[in-house]
Amino acid sequence: MCVMAPVADSIMEAKIMVWIPMIGIRVILFQKKGEVSMGVLTEKQEKLLVLFKGAIEREREAQKVYSEMVPLNDDPTIKHILEQFIEQERQHEKTLLKIYNDLRTTGEFKDAT
């Protein structure tokens, strides 16, 4: 049994991820202008995906905690600091998500900036 799922949608390029649980391999099929090639994520890349996903979740959790703290605080300086923290966590999440999606869809990291 294998699971196939579209990974990205583009006129120029189509990608499909195939997960083969019996042997624990994730294969990404690439199609560009009639060509089909395959990319298999290494064990290291799979581990990075797990770690990046966890880091993204922690950034979201931090945003939630800081957001809950803002209305409970009467000190405008602390409120301002917390709002800055929220924005920093959003930027961290955005950068991590970009890297995660690049690795997940192509097996490679691209410039995250």
| said: Looking at 93, 87, can you tell me which residue is closer than 20 Å to residue 45 by Cα and in the same structural domain as residue 48 (by TED's automatic domain parsing)? | reply: 93
| said: Among the listed residues 86, 99, 78, identify the single one that is exposed (fewer than 15 other Cβ atoms within 10 Å of the Cβ) and in a helix (DSSP H, G or I). | reply: 78
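The values are calculated or read from the model by the stated rules, or taken from the named source; none is laboratory data. Everything quoted here is computed from the prediction, not taken from an experiment. All Cβ positions, glycine included, derive from the backbone under ideal geometry; neighbour counts span all protein chains shown.
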